[in-house]
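Beneath this line is the structure, given in structure tokens, with notes to follow.
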Amino acid sequence: MDNVAANAARPGEFWTYTLQLPQDRRAVRIARATTRSVLLAYGMAQVSDVAELLASELVTNALRYSDGPAWIRLSNPRTQHVRVGVWDSNPTIPPPFHGASHPTGPPEGAERGRGLLLVRECADRWGGYAVGEEVFGMCGKLLWFELAA
Ligand SMILES: Nc1ncnc2c1ncn2[C@@H]1O[C@H](COP(=O)(O)OP(=O)(O)OP(=O)(O)O)[C@@H](O)[C@H]1O
Ligand SMILES: [Mg+2]
């Protein structure tokens, strides 16, 4: 039996891993490594490259556009699926993650503005929602994506 099959989560088996991230450049690398490690452990190595890349875009943004800590959470909403959620303390939900329509990408020649486009293009599902202050005393928002392995 190969490792992928041996490690795959059984139907009905659900898991969640959460990693708190400080405002530190090293946090992006650590979030990537954690994402890879969790996906390898649960037999989803096929999507670990993409998941790592998209997770690093969301984590980079979380650290760049907020001044507080952030966290990344990996879970499996369904068997052989991974959901990656990244929370930060800035309440602004960038379009189109709050549901508004948005141009397909950055203007030609722009040096920035590709991170969220990459998430929208590569993920199977994605979205964002506000996190109210009443939830564990936290505020801000959570952006998420899902991949099927
Ligand atoms: N976590 C966030 N909180 C608040 N605003 C955000 C967040 N993430 C993205 N944004 C807004 O959405 C815009 C687009 O983000 P996106 O990641 O696509 O591009 P970028 O960060 O500007 O450049 P790059 O191509 O280097 O990722 C950002 O410029 C910022 O204004
Ligand atoms: Mg970005």
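Couple of notes before you dig in:
- Selection within the stretch 77-93 - among the polar types (S, T, N, Q) and closer than 23 Å to Met138 by Cα: Ser89, Asn90, Thr92
- Positions within the stretch 22-77 being buried (at least 16 other Cβ atoms within 10 Å of the Cβ), aromatic (Phe, Trp, Tyr) and within 13 Å of ligand 1 (Cβ to nearest atom), in sequence order: Trp71
- Condition met for Ala33 (free of Cβ contacts under 8 Å to residues at least 40 places away in the same chain and more than 17 Å from Tyr17 (Cα to Cα)): no
Each reported figure results from applying straightforward, stated rules to the coordinates on display, with no laboratory input. Everything numeric here is computed off the predicted structure, so don't read it as measured data. Here the Cβ is made from the backbone with ideal geometry for all residues, glycine too, and neighbour counts use every protein chain on show.
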